[in-house]
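Accompanying notes for the structure given below.
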Amino acid sequence: MKKEARRALALLMFLTTLATGAVAQVGGCDAKRQELEQEIAYAKAHGNASRVKGLETALAQVKSNCTDASLQAKDQRKVDAARKKVAEREEDLQKAKSEGKSPRKVADRQRKLDEAHAELERALIEASR
């Protein structure tokens, strides 16, 4: 019985995540408000009063402070930071290669560069929404 309840809860959380992702694609401050309202409903349904209080505070802040321009600026800062990290990782990789570091260290630097590229891609996707 416990196993079934955990599965049901996991499925519910998965579906909530999918719904939240779909709402986030709507874009902007409206999407943030909708997402927070859904999380509040979920927390209320599960009797999590402290989570409800925190989410309601966050919702009030979004309602009073959120602008689409501020979201775009935040997304652009994430993209810029990710680009900077990619450049740093590329430099680290080239330095390791030029200094004749061990293949293991070069592979490690390559892995970090690949992770930085993935992070940049996620930032660009998020910024394009």
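At a glance:
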| read-out | value |
| --- | --- |
| Cβ-based charge dipole, the range 68-128, positive-most Cα from His117, Ser98, Gln72 | Ser98 |
| Residue pairs, from the table Lys32/Lys112; Lys32/Lys78; Lys53/Lys74, whose Cα atoms sit over 22 Å apart | Lys32/Lys112; Lys53/Lys74 |
| Estimated vicinal HN-Hα couplings, Hz - the range 67-72 in sequence order (Karplus 6.51, -1.76, 1.60; Gly, Pro = x) | 10, 4, 5, 5, 5, 5 |
| Reciprocal mean inverse distance between Cα atoms of the range 68-128 - Kirkwood radius, Å | 12.4 Å |
| Global geometry of the range 34-92, whether rounded, prolate or oblate, following the gyration tensor of its Cα atoms and the 1.5 cut on a/c | prolate |
| Virtual spin-label span in nm between Val62 and Glu90, 7 Å along Cα→Cβ | 3.6 nm |
| Candidates per GluC sites (Glu not before Pro) in the range 55-129, loop by DSSP, up to 14 other Cβ within 10 Å | Glu99 |
| Packing rank of 59-68, 75-84, where each peptide gets the mean count of other beta carbons within 10 Å, highest leading | 75-84, 59-68 |
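Each value in this text was obtained by applying a stated rule to the coordinates, not by laboratory testing. The shown structure was predicted, so the numbers you read here are calculated from the model rather than taken from an experiment. Note: ideal-geometry Cβ built from the backbone for every residue, glycine included; neighbour counts use all protein chains shown.
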